[in-house]
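Here is the structure we will look at.
The values are calculated or read from the model by the stated rules, or taken from the named source; none is laboratory data. From a predicted model like this one, the values you see are computed outputs, not experimental measurements. Methodologically, a virtual Cβ is constructed for each residue, glycine included, from the backbone with ideal geometry; neighbour enumeration extends over all protein chains shown. Heavy atoms of the whole protein, side chains included, go into the accessibility calculation; ligands, DNA and RNA do not. Shrake-Rupley method; radii C 1.70, N 1.55, O 1.52, S 1.80 Å.
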Amino acid sequence: MDLVATVPRLPQPGETLPGEGFALHPGGKGANQAVAAARLGAATTLVGCVGEDAFGQDLRAHLVENGVTCSLKLAEAPTGTAMILVDEVGENSIVVIPGANGSLDAAAIAEVPVRAGDVLVSQLEIPVPTVASFFARGRAAKALNVLNAAPAIAGADDLWPLADIVVVNEVELEFFAKAPVEDRRGAARAAVAARCFPQQIIVVTLGREGVVAIDGDQIIEHPGHAVPVVDTTGAGDCFVGALAARLCAGDRLAEGLAYANKAAAICVQRPGAGSSMPTLIEVEAA
């Protein structure tokens with residue numbers, strides 16, 4: 001659950017600012033990505049953990065209402081939360097408290113069937129060994145493994161060789177590639193350096209600057225869309241869920257990236273994360 005405070009600007013260390021508003025929004029990277037994919041027409045299952053608390057009940061209801069099949073375990077820990085500050089131009093600062101997410105283990109993953117042609121998506125708000133188990137099953141089944149390497153955490157490098165597609169923003173790419181990313185050209189260079197095998201696809205989201213991807217010897221670029229920004233929270237998750245949905249539908253990579261870029265541009269024009277994911281009709285109309 002996202003606890004969102006709107007502020008005139010992001011505070012400096014040690015500074016106290018008066019807030020302008022507060023709201024609760026359904027969130028969590030995995031849940032946001034699942035809702036994005038489901039709203040765009042993909043048959044979607046979310047595997048996860050929630051606590052036995054009101055937040056857990058609300059999040060389960062949110063997923064079901066948006067067409068996501070749930071495989072959720074109850075944990076003794078409280079449901080995961082995020083403390084989010086959003087400034088007047090829509091930029092954010094986020095602290096994630098994993099809570100129940102830290103209880104998701106390989107046994108829970110093993111209960112969900114994985115078939116050839118499935119698209120398996122994971123991010124790093126759950127334990128790294130669990131993601132590794134998930135992707136190992138994907139490899140064995142000839143599914144497509146998509147790693148959103150976010151948040152950037154130590155120890156996640158071991159997951160990269162298991163991923164067919166890795167999606168990162170420029171900050172996350174700098175962390176894993178250990179190289180500066182100052183512009184599109186720098187992003188492309190760092191993405192090539194970070195690749196674990198020649199066929200691996202690296203996608204770098206650049207916010208309002210759009211997206212750049214490395215696919216073999218090809219560089220794919222899509223510029224950002226000029227839209228009024230309300231809240232960037234969840235935009236990256238929207239992109240990942242939309243890309244997964246389009247790959248499921250049979251799109252080529254360039255087509256899927258363009259579609260996901262457009263979906264994320266709709267997402268940032270609304271407050272909140274999970275509730276801001278666009279529908280198939282909205283993206284097609286755009």
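When the range 166-178 is filtered for residues that are without any contact (Cβ under 8 Å) to a residue 60 or more places away in the chain and among the hydrophobic types (A, V, I, L, M, F, W, C), the ones remaining, listed by number, are Val166, Val168, Val171, Leu173, Phe175, Phe176, Ala177. Here Gln199 meets each of (1) out of contact with any helix residue (DSSP H, G or I) (no Cβ under 6 Å at 6 or more places or on another chain); (2) surrounded by fewer than 17 Cβ atoms within 10 Å (Cβ to Cβ); (3) at pLDDT below 90 with one exception, condition (3).
Being touching a helix residue (DSSP H, G or I) at 6+ places or on another chain (Cβ under 7 Å), modelled with pLDDT under 95 and hydroxyl-bearing (Ser, Thr, Tyr) is the filter here, so list the residues in the range 48-99 that pass it. Residues satisfying the conditions do not exist here.
I want to confirm something. Restricting to the range 155-181 and keeping residues that are assigned to a helix (DSSP H, G or I) and over 14 Å from Gln200 (Cβ atoms), which single residue is least open to solvent (accessible area, probe 1.4 Å)?
Ranking the qualifying residues of the range 155-181, first place goes to Ala156.
Of all residues in the range 225-239, those satisfying the criterion of being under 14 Å from Thr205 (Cβ atoms) and at pLDDT 90 or above are His225, Ala235, Gly236, Asp237, Cys238, Phe239. Those residues that are of a type in the set (Asp, Glu) and either open to solvent by 60 Å² or more (accessible area, probe 1.4 Å) or in contact with a strand residue (DSSP E or B) (Cβ under 6 Å, 6 or more places away or on another chain) (or both), I need them from the range 217-243; list them, please. Once the filter is applied, which keeps residues that are of a type in the set (Asp, Glu) and either open to solvent by 60 Å² or more (accessible area, probe 1.4 Å) or in contact with a strand residue (DSSP E or B) (Cβ under 6 Å, 6 or more places away or on another chain) (or both), the range 217-243 yields Asp217, Glu221, Asp231. Any residue at all in the range 202-223 that is assigned to a helix (DSSP H, G or I), in contact (Cβ under 8 Å) with a residue 24 or more places away in the chain and of a type outside the set (D, E, K, R)? There is at least one residue in the range 202-223 that is assigned to a helix (DSSP H, G or I), in contact (Cβ under 8 Å) with a residue 24 or more places away in the chain and of a type outside the set (D, E, K, R).
Residue check: Val146 meets all listed conditions (1) open to solvent by less than 10 Å² (accessible area, probe 1.4 Å); (2) part of a helix (DSSP H, G or I); (3) of a type outside the set (Lys, Arg); (4) farther than 21 Å from Lys73 by Cβ but one, namely (2). Checked against (1) outside any strand (DSSP E or B); (2) touching a residue at least 12 places away in the same chain (Cβ under 8 Å), Ile281 passes all but condition (2).
If only residues of the range 42-59 that are touching a Gly at 6+ places or on another chain (Cβ under 9 Å) and open to solvent by 50 Å² or more (accessible area, probe 1.4 Å) are counted, the one that is nearest to Val146 (Cα to Cα) is Ala43.
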